[in-house]
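Step one of this worksheet: look at the structure below.
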Amino acid sequence: MRIVYGPIKSLGLGKVVAVDPISRSPKVCTLNCVYCRLGRGGMMLLDRTAFIDCSSLMDQVGECLYREECETVMFKGTGEPLLASNIFDMARRLRDGSDKKVALLTNCTLLKDPQVLGQLDAFDIIIAKLDAASEETFQAVNRPHPSLRFQDVLEGIRSARERFDGSFRIQITLVRENLSEVDDLSQLCREICPDYVYLNCPEGCDPFHMVSRKDMQAAMDRFFGIRCVSSNAKE
Ligand code: SF4
């Protein structure tokens, strides 16, 4: 599987070079979200390990780092990128070897781990996924590993926000199952105070979970006073 691919369009960041520190099919993740573009199967785990070595990444990344249309390299995986125990090494090497910003898209389930929290400064931008405001909706939308609890994930997000000096952003994927929690989600965002909120519409998932454009617009209106970008709105 390709470790480096793109450029791809990323909500709020424009074109990015994507890096997959997992590079496995089926996916390896701590969650099994109802809208996951990687499908339902895969391996669910919480223990961090190295999936690829840094030198394979540096071999592949080559000329991608010199593409002028991409200002950012983004870690996003065939699963949760922070499960890769060597991700911080990779991020630092990319940052040292180029003038690109290095971003991380994470589902936040490992942010409470002190080993993770203490090394987030390897990134310039963190995009933290938050799809629920309650345990019930977390279970319904994100279908987590049985050991994970919503309040712990939320605590991890709050700690990361407090300690991280770079740009901290929240991405909410709206589906039918969390639409009734939009007000609670916007309240949580007001408390966490991210630099941006991205309201995302899933692609390629079962139409049962999809929300309408009208619902997306109505949800966007509930984030008044917050810098919010929607995948339906022009950036
Ligand atoms: S966190 Fe991402 S990769 Fe993991 S199940 Fe959810 S959508 Fe898929």
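The values are calculated or read from the model by the stated rules, or taken from the named source; none is laboratory data. Everything quoted here is computed from the prediction, not taken from an experiment. All Cβ positions, even for glycine, are placed from backbone atoms using ideal geometry, and neighbour counts span all protein chains on display.
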Scope the stretch 77-112; condition in contact (Cβ under 8 Å) with a residue 60 or more places away in the chain and within 16 Å of the ligand (Cβ to nearest atom); matching residues: Thr78, Pro81, Leu83, Ala84, Ile87, Ala103, Leu105, Asn107, Thr109, Leu110
What are the pairs, 6+ residues apart or on separate chains, where a residue within the stretch 117-132 that is free of Cβ contacts under 8 Å to residues at least 40 places away in the same chain has its Cβ under 8 Å from a residue that is part of a strand (DSSP E or B)? Ala122/Val102
Just to be sure I understand, how many residues within the stretch 150-178 are part of a loop (DSSP other than H, G, I, E, B) and either more than 16 Å from the ligand (Cβ to nearest atom) or within 15 Å of the chain's Cα centre (by Cα) (or both)? 4
Select from the stretch 1-37 the residues that are away from the ligand (no atom under 15 Å from the Cβ) and in a loop (DSSP other than H, G, I, E, B) and list them in ascending order. Arg2, Ile3, Gly12, Leu13
Can you confirm whether Arg40 is within 16 Å of the ligand (Cβ to nearest atom) and among the basic types (Lys, Arg)? yes
Filter the stretch 181-235 for residues that are surrounded by fewer than 20 Cβ atoms within 10 Å (Cβ to Cβ), outside any loop (DSSP other than H, G, I, E, B), touching a Gly at 6+ places or on another chain (Cβ under 9 Å) and not hydrophobic (A, V, I, L, M, F, W, C) and give the result. Arg190, Tyr196
Is it the case that some residue within the stretch 48-55 is more than 18 Å from Gly6 (Cα to Cα) and in contact with a strand residue (DSSP E or B) (Cβ under 6 Å, 6 or more places away or on another chain)? yes
Filter pass, Ser56 being hydroxyl-bearing (Ser, Thr, Tyr), part of a helix (DSSP H, G or I) and more than 19 Å from the chain's Cα centre (by Cα): yes
Need the failing condition index for Gly77 against (1) at pLDDT below 95; (2) farther than 23 Å from Gly156 by Cα, just the number. (2)
Subset of the stretch 58-76 that is under 27 Å from Leu45 (Cα atoms) and surrounded by 20 or more Cβ atoms within 10 Å (Cβ to Cβ) - its residue that is nearest to the ligand (Cβ to nearest atom): Lys76
